[in-house]
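Only the coordinates and a few stated rules stand behind these numbers; no lab work does. Bear in mind that the values here come from a model prediction, so they are computed numbers and not experimental data. For neighbour counting, all protein chains shown are included, and Cβ atoms are generated from backbone atoms with ideal geometry for every residue, glycine included.
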Amino acid sequence: MKALFVTPECYPLIKTGGLADVAGALPLALASMDVESRVLLPAYPGVREQLIGARKVAALPDLFGGEGALLAGTTSEGLSVLLVEAPHLFARKGGGPYLGPDGKDWPDNHLRFAALAWAGAQTALGKLGPWKPDLVHLHDWQAALTAAYLHAASNPGKRTPKPVLPATLLTIHNLAFQGVFPHAVSKPLHLPAPALGHDGMEYWGNISFLKAGVQWCDHLSTVSPTYAREILTPEHGMGFDGLLRLRAHELSGIVNGIDDTVWNPGTDPLVSSPYSARRLEAKAPNKAALQLEMGLHVRVDVPLFCVVSRLTTQKGLDLLLDAMHVLYARGAQLAVLGTGDRELQDAFRREAERYHGQVSMVIGFDEPLSHRMQAGADAIIVPSRFEPCGLTQLYGLRYGTLPVVARVGGLADTVIDANEAALRDGVATGFQFSPVDAVQLGVALDRACDLFADKLAWQRVQKRAMTRDVGWGIAAISYLDLYRRLVDAKRPAPAR
Ligand code: ADP
């Protein structure tokens, strides 16, 4: 089977969040199951430099207001990559994939991601070379407009034969990001008027790229079963719940895996002292190293909690600020790595100044440090208000860094709370709290400190967490199953 991934991010080429990890790892996991994938993404600055061997596959003339754009292809670390090279849209100084240097959305994001989506649809239709996928897997709103272009192509008018379309799947990694733009920008998108109307992408008076995917993809998925259920409710549906309920029977929840070649404490080159469930004692030097690096008191006897996160309301870190008194009362330490809301950054920095040696904060996005945090900390706190899947708790499990998580979305699906019964049965892997508020987070932190004080019990939970299968194997099998169903359903019925 051939699958085309259309995505705005792909690890290790470009990453701002968990979506990149998925787009980088899933195609590799599927490769061993006979799925030949190609990953289509924009040639942002930095990406092109990493892929100097990329060669022209096809010209993309007059691509949303610019000449000289092209589709280029190459292979990178086993991954087959297609790049939309459009200097007028993607080659920019400063900023990132979505935001300019001023921290605001690039003003032409609708064109930038329409270009990605258009290239996705053309590739899907086999118009940009001989390679034609059986299935197109779209990731988030930035790719979702592909479904609109394919839908438009499926009704070419009376004289033109209908093209054979691949099966389409949209994965919603985070429903908070919906690609909403004013109606006024829709003209250059080259979509037929009905596509922009109420039965199309119209969304509360605007247009939403995500809605195009929700309307026209054959199937929808999100990244955990609990989140798949949550987004059908007004509380978590973020305005899409009504629409999603209409498609509830075509919505799956598949928990992400982690890339074991990148996230493995036994082989991780970024970890100074490699360790495993069998050689757990070798984790200790990583704790001391992290404490030193972060300016914390070097102590084995106090639990070291960490946070590796975007600093946003979603991630619930304001709740942690309100629950810090529990950590102080227990003499526990906290190391924070994150970037985002200025207020949260400042608040954690103030804590770090006031509780020097006990709390430490690094502001920024630092992949190597995130590995050292996972290896060195005893526990990782993920107090998200909602969490489609979450990856940091999965890394935490793999590194024996016990997750303390809100019982929502993928966090609920991947961590088994260390309650009495679970401890007795030897299945506990971390700590959950609910409802998601500072009081319950404080209770969970307290429970984590209690368990930490019982070294053997803590180690039992660590070993259990580290030996849980959190790799891509299980997820890849679920995706393959889904892909096969979708591709089979698309096959024309045999002639009688
Ligand atoms: P989200 O995609 O909502 O940000 P996830 O938990 O799914 O949350 O994925 C976040 C990914 O980004 C993880 O791989 C995590 O390690 C990484 N990450 C988040 N913040 C930072 C940071 N400040 N520095 C390094 N890595 C980070």
So how tilted is helix 438-453 from the main axis of the chain? Cα-based, degrees 0 to 90, rounded to 10. 60
How long are the semi-axes of the equivalent ellipsoid of segment 235-372, taking √(5λ) for every eigenvalue λ of the Cα gyration tensor, in whole Å from largest down? 32, 23, 13
Can you list which of the trypsin sites (Lys or Arg not before Pro) found in segment 149-220 are DSSP loop residues with at most 15 other C-beta atoms within 10 Å? Lys158, Arg159
Using alpha-carbon pairs under 8 Å, 6+ residues apart, how would you state the relative contact order of the chain in percent? 12
Compactness check, segment 242-316: C-alpha Rg relative to the 2.2 N^0.38 Å globular estimate gives 1.68
Beyond 25 Å, what share of the Cα-Cα pairs of segment 367-496 is found? Please give it as a whole percent. 33
In percent, what relative contact order does segment 95-179 have, based on Cα pairs under 8 Å that are 6 or more apart in sequence? 29
Using the alpha carbon gyration tensor of the chain, what are the three equivalent-ellipsoid semi-axes (square root of 5 times each eigenvalue), largest first, in whole Å? 41, 23, 22
FRET efficiency (Ala193, Trp131; Cβ distance; R0 35 Å; to 0.05) is 0.60
0 to 90° range, to nearest 10: angle between helix 472-490 axis and the chain longest Cα axis: 20
Relative contact order for segment 71-218, counting Cα pairs under 8 Å that sit 6 or more residues apart, in percent: 20
Options Ala448, Gln374, Ala288, ranked by Cα towards positive dipole end of the chain, top entry (Cβ charges): Gln374
Sort Ser434, Ser309 by Cβ crowding within 10 Å, fewest neighbours at the top. Ser434, Ser309
Indicate, rounded to the nearest 5 percent, the antiparallel portion of the DSSP beta bridges found entirely in segment 33-171. 55
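Rounded to the nearest 0.05, what FRET efficiency is calculated for Ala495 and Val185 with R0 set to 35 Å and r the Cβ-Cβ distance?
Numbers: r = 45 Å, r/R0 = 1.28.
Efficiency for this residue pair is about 0.20.
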Where the only charges are on Cβ atoms (+1 Lys, Arg; -1 Asp, Glu), what is the dipole of the chain about its Cα centre, to the nearest 20 debye? 1140
So how strong a dipole does segment 429-496 carry about its Cα centre when Lys and Arg Cβ are +1 and Asp and Glu Cβ are -1, to the nearest 20 debye? 580
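Sort segment 309-395 into rounded, prolate or oblate with this rule: let a ≥ b ≥ c be the square roots of the eigenvalues of the Cα gyration tensor; rounded if a/c is under 1.5, and if a/c is not under 1.5, prolate when a/b is larger than b/c, oblate otherwise.
rounded
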As a test of understanding, state the convex hull volume per residue of segment 46-166 from its alpha carbons, in Å³. 125
Charge dipole of segment 235-316 built from unit charges on the beta carbon (Lys, Arg +1; Asp, Glu -1), centred at mean Cα; most positive-end Cα among Ile254, Gly239, His297 is His297
Hey, can you grab everything whose amide H is under 5 Å from the amide H of Ser80? Only 5+ residues off in sequence or another chain; H modelled, so Pro and N-termini drop out. Val39
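How much length is gained on full extension from Leu246 to Asp469, taking 0.36 nm per residue of separation minus their Cα-Cα distance?
76.9 nm
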Please give the charge dipole size of segment 217-283, origin at the Cα centre, charges +1 on K and R Cβ atoms and -1 on D and E Cβ atoms. Round to the nearest 20 debye. 200
For segment 436-496, alpha-carbon Rg and Dmax in angstrom: 22.7, 72
Quick one: helix 284-294 against the long Cα principal axis of the chain, what's the angle to the nearest 10°, folded into 0 to 90? 80
The simple spin-label model distance between Arg484 and Ser272, using points 7 Å out along Cα→Cβ, in nm, is 4.8
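Any number yet on Rg/Rh for segment 88-155, C-alpha, Kirkwood?
Result: Rg/Rh = 1.05.
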Counting DSSP beta bridges with both partners in the chain, what percentage is antiparallel, nearest 5? 25
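Relative to the present Cα-Cα distance, how much length would full extension add between Lys2 and Tyr328 at 0.36 nm per residue of separation?
111.9 nm
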Does a label point 7 Å from the Cα of Asp105, set along Cα-to-beta-carbon, have any residues of segment 224-262 with amide nitrogen under 17 Å, and which are they? 238-240
